[in-house]
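Novice: The structure that follows is given in the form of structure tokens.
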Amino acid sequence: MQQIAPDRSHIGWIGTGVMGVSMCGHLLQAGYPVTVFSRTKAKAQPLLERGASWADSPLAVAEQSTVIITMVGFPRDVRDVYCGPAGILAGARPGSILIDMTTTEPALSQEIEAAASTRGLHAIDAPVSGGDVGAKNATLSIMVGGEHDTVERVRPLLERLGKKVIYQGGAGAGQHTKLCNQIVIAGTMVGVCESLLYGFKAGLDLMQMLESIQGGAAACWTLDNLAPRILQRNFDPGFFVEHFVKDMGIALDEAKRMNLALPGLTLVHGLYQRVQALGHGRRGTHALMLALEELSGTTGTTPR
């Protein structure tokens, strides 16, 4: 089994959003030749300035690459990028490896893997967790589904992007694992925001309060990374609200298919839909605070 290395691989990268541009940058830094495509070329400019080449379509990226990585937004984007007339499957050469790092529908990952296999290609799903901080620091958790041998071939490449790369099983298993991750995050985010609201109403020094609970059983990534942003009124995205709503919707659809009740996730999904209705879909997931402040009649009063 020959692993992927810079001297014998050309990487195609599709999607240069909040996380994608940093992730692709790590591969450039590692010496991989990279060809990029993004719907908005300006978003790829930092990568082009560092030596990446530009292609005008996913098909053109695939024609030039031995490994094609996608990090886009929604299932419809994944389907278009892979299955459209100017998509990856139309241009990829036999033997190429396709890695979708988007969070999408498990069934779509299975569909892409099956379509790739009939063309002599290898496809895996490898969604990530860690947000913009994890993408910038190459500390993402990467959850991988697909053919085990293929996953092992690209493991050195994935380890350039994350500190934890764990094989979960067959096609779609990575996506199911990411949905488990999002269910935990949804419940945690509500707890963090409600804790800050309660502490504010109780007249506490919220930074002191956070310092105390970060060292106890409540300790978590959200408290460490997003609670301070809330107190600074900094709702810039590490991960977009609209993408989180999408992820929760997929999880709820999967739960319905499995005849599984998830009342907590259903509640949080509705709260985030309210965040979207308030016009904050392109803000970070911690903008949930804005909807909870509205419900409590304390909009804008959390300390700066």
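Every number here is computed from the coordinates shown, using simple stated rules; none is lab data. Note that the coordinates shown come from a computational prediction; the quantities given were computed from them, not determined experimentally. Glycine gets a Cβ as well: all are built from the backbone with ideal geometry, and neighbour counts include every protein chain shown.
Novice: Which three lengths, in whole Å and largest first, does the stretch 177-296 cover when its Cα atoms are put on their principal axes?
Specialist: Computed over the stretch 177-296, the largest-to-smallest principal extents equal 45, 32, 24 Å.
Novice: A further question follows. Mean projection of the alpha-carbon convex hull of the stretch 16-82 over all orientations, in nm²?
Specialist: Approximately 4.2 nm², given one-decimal rounding.
Novice: Would you kindly calculate the translational diffusion coefficient of the stretch 6-171, applying Stokes-Einstein with the Kirkwood radius from alpha carbon pairs, for 10 °C and a viscosity of 1.306 mPa s, and quote it in µm² s⁻¹ without decimals? All intermediate terms of the calculation are to be shown ahead of the outcome.
Specialist: Details: Rh = 15.3 Å.
In µm²/s, the coefficient rounds to 104.
Novice: Okay, next question. Here is the link list: K164/K246; K201/K246; K41/K178; K163/K256; K43/K136. Which ones come out longer than 21 Å on Cα distance?
Specialist: Table pairs above 21 Å Cα-Cα are K164/K246; K201/K246; K41/K178; K163/K256.
Novice: In deg cm²/dmol, rounded to 500, what helix-only [θ] at 222 nm does the chain give when every DSSP H run of at least 4 residues adds -39500 (n - 2.57) and the total is split over its residues? Could the numbers behind the result be given before it?
Specialist: On the way: 15 runs with 157 residues, N = 304.
That comes out to -15500 deg cm²/dmol.
Novice: While we're looking at this one, here's another question. What are the trypsin sites (Lys or Arg not before Pro) within the stretch 11-56 that DSSP puts in a loop, where the Cβ has at most 12 other Cβ atoms within 10 Å?
Specialist: Passing both the DSSP loop test and the Cβ count: R50.
Novice: While we're looking at this one, here's another question. Let me spell out the model: positive unit charges on the Cβ of Lys and Arg, negative unit charges on the Cβ of Asp and Glu, origin at the Cα centre of the stretch 44-153. What dipole size does that give, in debye rounded to 20? Don't skip to the end; give the middle numbers.
Specialist: Details: 7 positive and 14 negative charges, 39 e Å.
Charge dipole of the stretch 44-153: 180 debye, to the nearest 20.
Novice: Applying the Karplus parametrisation 6.51 cos²θ - 1.76 cosθ + 1.60 with θ = phi - 60° to the phi angles of the stretch 99-111, what ³J(HN,Hα) value in whole Hz is obtained for each residue in order, glycine and proline being reported as x?
Specialist: Each residue of the stretch 99-111 in turn: 10, 9, 9, 5, 7, 9, 6, x, 5, 5, 4, 5, 5 Hz.
Novice: Also, quick follow-up: What does the charge count around R76 come to, taking other residues whose C-beta lies under 12 Å from its C-beta (Lys +1, Arg +1, Asp -1, Glu -1)? It would help to have the intermediate numbers written out before the result.
Specialist: Working: positive: R79, K246; negative: D77, D80, E105.
Cβ neighbours under 12 Å give a net charge of -1.
Novice: Can you give me the three principal axis dimensions of the stretch 232-289 from its C-alpha atoms, in Å, biggest first?
Specialist: Result for the stretch 232-289: principal-axis Cα extents of 41, 18, 16 Å.
Novice: Give me the net charge for the shell around E147: Cβ to Cβ below 12 angstrom, other residues only, Lys and Arg +1, Asp and Glu -1.
Specialist: Surrounding charge for E147 is -3.
Novice: Using C-alpha positions alone, give me the convex hull volume of the chain per residue in cubic angstrom.
Specialist: 136 Å³
Novice: What's the exposure ranking of Y82, Y198, Y167, Y32, going from fewest to most Cβ atoms within 10 Å?
Specialist: Arranged by neighbour count, lowest to highest, Y82, Y198, Y167, Y32 become Y198, Y167, Y32, Y82.
Novice: Could I ask something else about it? Please compute one quarter of the surface area of the Cα convex hull for the stretch 120-159 and express it in square nanometres. All intermediate terms of the calculation are to be shown ahead of the outcome.
Specialist: Numbers: hull surface 11.9 nm².
The orientation-averaged projected area of the Cα hull of the stretch 120-159 comes to 3.0 nm².
Novice: What three numbers, in Å, describe the spread of the alpha carbons of the stretch 162-207 along their principal axes, ordered from the longest?
Specialist: 51, 20, 8
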